[in-house]
Every structure is written in structure tokens, then in C-alpha cells.
Amino acid sequence: MNVDFTNLIITDCGKKYEIDIFDQLAVGVVECDSFLQDPYFIPSTFSLYKTKSDIYLLQITTFNEANDSLETSIKVLSEKEASNYLENCTYNI
């Protein structure tokens, strides 16, 4: 993912979307059982955005322990898929 200061997001597949900072609809932690076994585990997080052209984007950020970095990916969702995040504020994989 590439973000610059013009609110332009470029997804992993190369598509460009413009978002507004106020269009973040939901944030949360990706549910997983790893945290129950390891209190030092850093869970992945998600953010749901709506673009100015009414497209929903799901951003998932994961901590990479191997090189101590954050890895972010963005997926385009349908309105129906996005509604699950708005209702529950959880993401199940």
C-alpha cells in the first residue's frame, strides 16, 4: 500500500482511490486465538473506509515479527460485505 498526503491510496493490485479522512467507518482487531496462548502476540488490525465514489476499502495491518515491520494490504469490498464490519466491528478470518 502506498499513501501520500493527497488522500490517495494505491491498493496492492495498483488501483488508485481517493479517501477523505472522515470516511473511516470502522476500526477493530482481527479475531484470532493466538493472543490467548501468547500474551506478547500482536494481533492484526483493520480499518474500513468509504471512498468518495462509494467504494468500500478494507485495510488490514499485520505485524511481521521476522523483520519488526508492519505490512498493510487493502481489499475492495461490496456494500454487503462492508455492512458486516459496521454491525460487528470485528473481522473474522
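The values are calculated or read from the model by the stated rules, or taken from the named source; none is laboratory data. Values in this document were obtained by computation on a predicted structure and should not be read as measured data. Neighbour counts are summed over all protein chains in view; Cβ atoms, including those assigned to glycine, are modelled from backbone coordinates with ideal geometry.
Cβ-Cβ contacts under 6 Å between residues 6 or more apart (or on different chains), taken from a first residue in the range 25-46 that is over 20 Å from ASP68 (Cβ atoms) to a second residue that is among the hydroxyl-bearing types (Ser, Thr, Tyr), are listed as ALA26/TYR85; VAL27/SER47; GLY28/THR90; GLU31/THR90; PHE46/TYR91.
To keep it simple, each residue is scored yes or no on (1) in contact with an Asp or Glu (Cβ under 7 Å, 6 or more places away or on another chain); (2) at pLDDT 75 or above; (3) assigned to a strand (DSSP E or B).
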site	(1), (2), (3)
CYS13	no, no, no
PRO39	no, yes, no
LEU58	no, yes, yes
GLU81	no, yes, no
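Looking across the range 60-73, the residues that are assigned to a strand (DSSP E or B) and of a type outside the set (Ser, Thr, Tyr) come down to ILE60, PHE63, ASN64, LEU70, GLU71. Being among the aromatic types (Phe, Trp, Tyr), modelled with pLDDT under 90 and in a helix (DSSP H, G or I) is a description that applies to TYR85. Selection within the range 15-29: residues that are among the charged types (D, E, K, R) and part of a loop (DSSP other than H, G, I, E, B). The member of this set that is modelled with the lowest pLDDT is ASP20. With respect to the stated conditions, GLU31 is surrounded by 13 or more Cβ atoms within 10 Å (Cβ to Cβ) and not basic (Lys, Arg).
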